[in-house]
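A.B. asks: What follows is a single structure, and I will ask about it in a moment.
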Amino acid sequence: IGGGMRRIEAVTGRAAEAMMVDYAAKLESLARKLQTPVADLETRLDSFIQDTEELKRRLSNLERANLRSEAERMLARVIDVEGVKVVAARTSATNADGMREMGDFLKAKLASVVVVLGAVVNGSPMLVAMVTPDLVDKGLHAGNMVRETAGVIGGSGGGRPEMAQAGGRRAEKLDEALGGVPELVRRSLS
């Protein structure tokens, strides 16, 4: 492509015939896989795309409900550290957004809390930490906590005083990292 020029590629003669035969064979193969005549392929494919989008939406809603239920069970495992409520737990969340939603739910239920959630996503450990504003005023900082906790899992991270995120490389150390959160809170309060 140059100034005022365009490149055109073309297939002619026997090569064009072979290409058309190949395309026709691919269409026939697709029609067999989708169990529909070639003429209806586009309609059938549109139907599959709509079904897939609906299934994705339903799966997302089910995952949200599952995470909400998991967060409700975490309410029974709240630890008290020198008068501060702490939730440090592993979750089945598949992404940071799900972990943040769980943290928001826990903060809404407990009003004053430190939340550190961990999950293994695609083989790598991930952490999300949240601290309610009243506890930030007492010297607790989500970014500092998640940074120290991430060190245990061979990672790093950080963020704001009220919300932070980290990742790591050592998924087998996730439970150990989460187990150290109460001591981090205790040290931050001192």
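The values are calculated or read from the model by the stated rules, or taken from the named source; none is laboratory data. Every value quoted in this text rests on a predicted model; they were computed, and no experiment measured them. A quick note on method: Cβ atoms are made from the backbone with ideal geometry, for glycine too, and the neighbour counts reach across all protein chains shown. Note: accessible area is taken over every heavy atom of the protein model, side chains too, but ligands, DNA and RNA are not part of it. Shrake-Rupley method; radii C 1.70, N 1.55, O 1.52, S 1.80 Å.
A.B. asks: What are the extents of the Cα atoms of the chain along their three principal axes, listed from largest to smallest and rounded to whole Å?
C.D. replies: 84, 44, 33
A.B. asks: Still on this model: What order, most packed first, do the peptides 149-161, 49-61 have when packing is the mean number of other Cβ atoms within 10 Å of each residue?
C.D. replies: Numbers: 149-161: 19.2, 49-61: 10.1.
Final packing ranking: 149-161, 49-61.
A.B. asks: Taking a point 7 angstrom from the Cα of residue 190 along the C-beta vector, which residues in the stretch 89-132 have backbone N less than 20 Å away?
C.D. replies: Residues 114 qualify, since their backbone N sits under 20 Å from the label point.
A.B. asks: Tabulate in residue order the Karplus-calculated ³J(HN,Hα) for the stretch 72-85, using 6.51 cos²θ - 1.76 cosθ + 1.60 with θ = phi - 60°, rounded to whole Hz; enter x for Gly and Pro.
C.D. replies: 5, 5, 5, 4, 7, 10, 6, 9, 9, 10, 6, x, 10, 6
A.B. asks: Taking the Cα centre as origin and putting +1 on Lys and Arg beta-carbons and -1 on Asp and Glu beta-carbons, what dipole magnitude results for the chain, to the nearest 20 debye?
C.D. replies: On the way: 27 positive and 26 negative charges, 61 e Å.
For the chain, the charge dipole is close to 300 debye.
A.B. asks: Also, I was wondering about something else. Please give me, ordered by residue number, the trypsin sites (Lys or Arg not before Pro) of the stretch 86-190 that lie in loop per DSSP and have at most 16 other Cβ atoms within 10 Å.
C.D. replies: Working: sites: 90, 100, 107, 109, 138, 147, 169, 170, 173, 186, 187; in loops: 138, 169, 170.
Here the trypsin sites (Lys or Arg not before Pro) that fit, given the DSSP loop and packing criteria, are 138, 169, 170.
A.B. asks: Please turn the phi angles of the stretch 134-139 into ³J(HN,Hα) values with the Karplus equation 6.51 cos²θ - 1.76 cosθ + 1.60 (θ = phi - 60°), one per residue in order, whole Hz, x for glycine and proline.
C.D. replies: 4, 7, 4, 4, 8, x
A.B. asks: Are there GluC sites (Glu not before Pro) in the stretch 141-182 that DSSP puts in a loop and that have at most 12 other Cβ atoms within 10 Å, and which ones? Could the numbers behind the result be given before it?
C.D. replies: Values: sites: 148, 162, 172, 176; in loops: 162.
Filter output for the stretch 141-182: empty list.
A.B. asks: Which ³J(HN,Hα) values, rounded to whole Hz and listed in residue order, are derived for the stretch 101-115 from phi using the Karplus coefficients 6.51, -1.76 and 1.60 in 6.51 cos²θ - 1.76 cosθ + 1.60 with θ = phi - 60°, glycine and proline given as x?
C.D. replies: 4, 4, x, 4, 4, 5, 5, 5, 6, 9, 6, 10, 7, 10, 10
A.B. asks: For the pair residue 121/residue 54, report the inter-label distance in nm, with labels modelled 7 Å from Cα in the Cβ direction.
C.D. replies: The two pseudo-label positions are separated by 3.0 nm.
A.B. asks: Evaluate the distance, in nm, between pseudo-label points positioned 7 Å from the Cα of residue 7 and of residue 39 along their respective Cα→Cβ axes.
C.D. replies: Distance between the two pseudo-spin positions: 4.0 nm.
A.B. asks: Of 128, 81, 21, which is the most mobile in a GNM of the chain whose springs link Cα atoms less than 10 angstrom apart?
C.D. replies: Result for the chain, Cα springs under 10 Å: 21 fluctuates most.
A.B. asks: Roughly how many Å² is the accessible area per residue of the chain, as a whole number, for a 1.4 Å probe? Don't skip to the end; give the middle numbers.
C.D. replies: Values: 11790 Å² over 190 residues.
For the chain, the per-residue accessible area is 62 Å².
A.B. asks: Whose amide H sits under 5 Å from the amide H of residue 158, counting only residues 5 or more places off or on another chain, with H placed in the peptide plane?
C.D. replies: Excluding prolines and chain starts, which carry no amide H, the hits are 165.
A.B. asks: Continuing with this model, one more query. Which FRET efficiency value, to the nearest 0.05, is calculated for residue 76 and residue 47 with the Förster distance at 41 angstrom and r the Cβ-Cβ distance? Kindly include the intermediate steps, with their values, before the conclusion.
C.D. replies: Numbers: r = 45 Å, r/R0 = 1.10.
Rounded to the nearest 0.05, the efficiency is 0.35.
A.B. asks: Could you work out the helix-only [θ] at 222 nm for the chain, with each DSSP H run of four or more residues adding -39,500 (n - 2.57) and the total divided by the number of residues, to the nearest 500 deg cm²/dmol? Write out the running numbers ahead of the final one.
C.D. replies: Working: 7 runs with 100 residues, N = 190.
The helix-only estimate for the chain comes to -17000 deg cm²/dmol at 222 nm.
A.B. asks: Sequence-distant or interchain residues sharing an amide H contact under 5 Å with residue 81, placed H: which?
C.D. replies: Here the answer is 86, since their amide H atoms fall under 5 Å of that of residue 81.
A.B. asks: In the stretch 18-61, if the dipole is taken from +1 on Lys/Arg beta carbons and -1 on Asp/Glu beta carbons about the Cα centre, which of 41, 31, 55 is farthest to the positive end?
C.D. replies: 55
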